[in-house]
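*Asks:* Take this structure first; my questions come after.
The values are calculated or read from the model by the stated rules, or taken from the named source; none is laboratory data. Values in this document were obtained by computation on a predicted structure and should not be read as measured data. Every residue, glycine among them, receives a Cβ derived from its backbone with ideal geometry; neighbour counts consider all protein chains shown.
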Amino acid sequence: MRDHFEVRRGDAAGRIGRLSVPRAGVTVETPALMPVVNPNIRTIPPRELESEFGAEILITNSYIVHSTDDLRERAVEEGLHDLLGFDGAIVTDSGSFQLAEYGEIDVTTREILDFQHEIGSDVGTPIDIPTPPDVGRERAERELEQTEAALRDAEAADTGEMLVNAPVQGSTYPDLREAAAGRADATDLDVFPVGAVVPLMNSYRYAEMIDVVAAAKRGLGRDAPVHLFGAGHPMMFAVAVAAGCDLFDSAAYAIYARDDRYLTVRGTEHLEDLEYFPCSCAVCAAHDPEELRGYDDEERERLLAEHNLHVSFAEIRRVKQAIRSGNLLELVESRARSHPAMLDGYRALLDHADQLEREDPISKGSFFYLSEESARRPEVRRHHERVTRLDPEGEVLLTEGGIPSGDAYDAAWRVVPPFGPFPRALSETYPLTAEVPERSDRHAQEAAAEGVRELVEANPGTEFVLAHDDWPASALARVPDRVAIETLGGGR
Ligand SMILES: [Zn+2]
């Protein structure tokens, strides 16, 4: 049991949690965004990240500090918090990125963890191997062994109150990710970054990113805080949180600003293409794009970085409120409409609906049916599972229409796509209080037919009549043959 992470509220596999960081003496509410601070280039001073943006936690690279003489001396002397001017929690990366980029670095896991501890890091990181996507299986396995050796070294190190990351690697092999996550979870390490997903994000492979996260989550306990390492674009926060990620880091706010890229929750814009700012942050309220284009490089970069950070923190708050309100998947649906690759990410998330269902709360806000994907949500899956435990007797009418006159049936249940049949007494329970469109679609009707099938197969001694409102053949084909079919009048 990891007592430094407490899950407070959930929605799908997303959660609002509290990560206690004992060395910093702070508790960070998750989902949280950690701005990346390059100790050499401070686009926005860390003090301002705290005061202006509400950052409770940031991440910096201990390897850069270690390999830069004057930084190293100052960090050892003053400590990292004074060096950066930040009172919140500081996570330090280890140089794994540099190792992957340049092939070698001159420290070991033990040395860099000792160094991180010495300079006052609150969450340290061993030297894992960020294996990129699509490599051969042999390489993925070999590098995973090296990562796991680093985790063993980290476990053996005396790191005091400093929390320690246990990165989960395994490239694009879900079974390797899951097994790696299971072994990481069995260590006494504290935070679980899912590594090497940046290449997937940069090439808009959101579906595979979600598959990687889902695999890692299968290996991790519920009490394991999960960091989606390198994920800083606000457009994917909602779907990644819904998959179970708790921590994000953003280098994107500064890197994108450097080449005039403007982040939005719907994607990335180039400053040169903008006539208007679709944002009301302090920067966008006080300037228009043309003005900003007229500024010198340094000023423009700083203002764009500020906007990028504002929009990122705002999205984290929106995601947290959505968890509170129980409509995180509705937010994911709307984000999925901003880019086809995001839609792939959402569809991949729904491929794991059974996995989400295990963590999804039984009751939350109102279910909104917003697209054909809504028919695949975990709540629909759960309802279908639930109807198999109901045992109506005699002759039962399942109808999309009203209650029939007379007593021709022993019971008359409602049928609402995408859920399918349920007794009227359950009408006021979640998710059957759903708001669904007047104009149903094939996907909802097919899902409802699945619900009919589950109910009928679980009750072989009961007779069923289904009165449907113009369902297509693809839906009716799912209804068992022994169900008598009636068509309601007034079909469209
Ligand atoms: Zn803005």
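*Asks:* Given the criteria hydroxyl-bearing (Ser, Thr, Tyr) and within 11 Å of the ligand (Cβ to nearest atom), does Thr264 qualify?
*Replies:* So Thr264 fits the description; yes.
*Asks:* Does Leu390 satisfy the criteria of being part of a loop (DSSP other than H, G, I, E, B) and modelled with pLDDT of 95 or more? Break it down into steps so the answer makes sense when it comes.
*Replies:* On the way: part of a loop (DSSP other than H, G, I, E, B): yes; modelled with pLDDT of 95 or more: yes.
So Leu390 fits the description; yes.
*Asks:* Does the stretch 3-28 hold any residues that are surrounded by fewer than 24 Cβ atoms within 10 Å (Cβ to Cβ), under 21 Å from Gly326 (Cα atoms) and out of contact with any strand residue (DSSP E or B) (no Cβ under 6 Å at 6 or more places or on another chain), and which are they?
*Replies:* Once the filter is applied, which keeps residues that are surrounded by fewer than 24 Cβ atoms within 10 Å (Cβ to Cβ), under 21 Å from Gly326 (Cα atoms) and out of contact with any strand residue (DSSP E or B) (no Cβ under 6 Å at 6 or more places or on another chain), the stretch 3-28 yields only Gly10.
*Asks:* Which residues, counting only those in the stretch 353-371, are touching a helix residue (DSSP H, G or I) at 6+ places or on another chain (Cβ under 8 Å), in a helix (DSSP H, G or I) and among the acidic types (Asp, Glu)?
*Replies:* Asp354, Glu357
*Asks:* Can you pull out every residue in the stretch 459-475 that is out of contact with any helix residue (DSSP H, G or I) (no Cβ under 7 Å at 6 or more places or on another chain) and either within 17 Å of Asp391 (Cα to Cα) or in contact (Cβ under 8 Å) with a residue 24 or more places away in the chain (or both)?
*Replies:* Of the residues in the stretch 459-475, the ones out of contact with any helix residue (DSSP H, G or I) (no Cβ under 7 Å at 6 or more places or on another chain) are 459-463, 465, 467-470, 473.
The answer is Asn459, Pro460, Gly461, Thr462, Glu463, Val465, Ala467, His468, Asp469.
*Asks:* Still on this structure: For the stretch 296-343, name all the residues that are within 15 Å of the ligand (Cβ to nearest atom) and over 16 Å from the mean Cα position of the chain (by Cα).
*Replies:* Across the stretch 296-343, the qualifying residues are Arg300, Glu301, Arg302, Leu303, Leu304, Ala305, Glu306, His307, Asn308, Leu309, His310, Val311.
*Asks:* So, one more: If a residue counts only when it is of a type in the set (A, V, I, L, M, F, W, C) and more than 18 Å from Arg376 (Cβ to Cβ), which strands (runs of 3 or more DSSP E) contained entirely in the stretch 412-492 have at least 3 such residues?
*Replies:* So the answer is 463-468.
*Asks:* Taking the residues in the stretch 156-197 that are more than 19 Å from Arg222 (Cα to Cα) and among the aliphatic types (A, V, I, L, M) as candidates, determine which candidate is nearest to the chain's Cα centre (by Cα).
*Replies:* Looking at the filtered set, the residue picked out is Val197.
*Asks:* Taking the stretch 175-189 on its own, how many of its residues are closer than 26 Å to Pro234 by Cβ and either free of Cβ contacts under 8 Å to residues at least 24 places away in the same chain or not aliphatic (A, V, I, L, M) (or both)?
*Replies:* Here the count works out to 1.
*Asks:* Out of Ala207, Ala243, report the one residue that is touching a residue at least 40 places away in the same chain (Cβ under 8 Å) and touching a Gly at 6+ places or on another chain (Cβ under 7 Å).
*Replies:* Result of the check over Ala207, Ala243: Ala207.
*Asks:* Are there any pairs with C-beta distances below 6 angstrom linking a residue in the stretch 317-339 that is more than 16 Å from Leu356 (Cβ to Cβ) and among the hydrophobic types (A, V, I, L, M, F, W, C) to a residue that is surrounded by fewer than 16 Cβ atoms within 10 Å (Cβ to Cβ) and modelled with pLDDT under 95, with the two at least 6 apart or on different chains, and if so which?
*Replies:* Within 6 Å, no pair qualifies.
*Asks:* List, please: which pairs have Cβ atoms under 9 Å, are six or more places apart or on different chains, and start with a residue in the stretch 275-303 that is under 12 Å from Tyr262 (Cα atoms) and without any contact (Cβ under 8 Å) to a residue 24 or more places away in the chain and end with one that is of a type in the set (S, T, N, Q) and within 15 Å of the ligand (Cβ to nearest atom)?
*Replies:* Qualifying pairs under 9 Å: Pro278/Thr264.
*Asks:* With a cut-off of at least 2 residues that are β-branched (Val, Ile, Thr) and in contact (Cβ under 8 Å) with a residue 24 or more places away in the chain, name the helices (runs of 4 or more DSSP H) lying wholly within the stretch 76-140. Give the steps one after another, and end with the answer.
*Replies:* Numbers: elements: 80-84, 96-102, 109-118.
Result: 109-118.
*Asks:* Mind counting the residues in the stretch 279-291 that are under 16 Å from Leu309 (Cβ atoms) and either more than 8 Å from the ligand (Cβ to nearest atom) or among the hydrophobic types (A, V, I, L, M, F, W, C) (or both)?
*Replies:* Step one: list which residues in the stretch 279-291 are under 16 Å from Leu309 (Cβ atoms), which gives 279-287.
Filter once more, keeping what is either more than 8 Å from the ligand (Cβ to nearest atom) or among the hydrophobic types (A, V, I, L, M, F, W, C) (or both): 279, 281-287.
Residues that pass the stated criteria total 8.
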